[in-house]
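The values are calculated or read from the model by the stated rules, or taken from the named source; none is laboratory data. Note that this is a predicted model, so its numbers are computed, not measured. A quick note on method: Cβ atoms are made from the backbone with ideal geometry, for glycine too, and the neighbour counts reach across all protein chains shown. What goes into the accessible areas is simple: the full protein's heavy atoms, side chains included, and nothing from ligands, DNA or RNA. Shrake-Rupley method; radii C 1.70, N 1.55, O 1.52, S 1.80 Å.
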Amino acid sequence: MHIKPEFENKRIMKIRRSDIKKWIQACVDKIDEKGNPKYSFGSCLKYLSVMKSIFHYTARLTTFSLLRMHHTKRWCNNVL
């Protein structure tokens, strides 16, 4: 199961909960050539965990960047 084919052309801020739910449901619904589930429930949870980690990491980076820009701007305003 790969994240890239589903989300490679989407900006991370444009990905919604419904997109993630649809992607995970597709993972759960996949069936192998013998008619068995292609991915176990545990595997699907692991993929969801990876997605959550990506979003949390991105949120932290975005917050850090915004705080740094804010403090730099305040510093520049005080100096000038």
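Overview of values
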| quantity | calculated |
| --- | --- |
| Accessible area in the full protein assembly, largest first, 1.4 Å probe, for Asp32, Asp19 | Asp32, Asp19 |
| Spin-label model distance (nm) - Lys21 vs Glu6, 7 Å beyond Cα toward Cβ | 1.3 nm |
| Karplus 3J(HN,Hα) series, Hz, for the range 3-9 with 6.51 cos²θ - 1.76 cosθ + 1.60 (x for Gly, Pro) | 7, 4, x, 7, 10, 5, 9 |
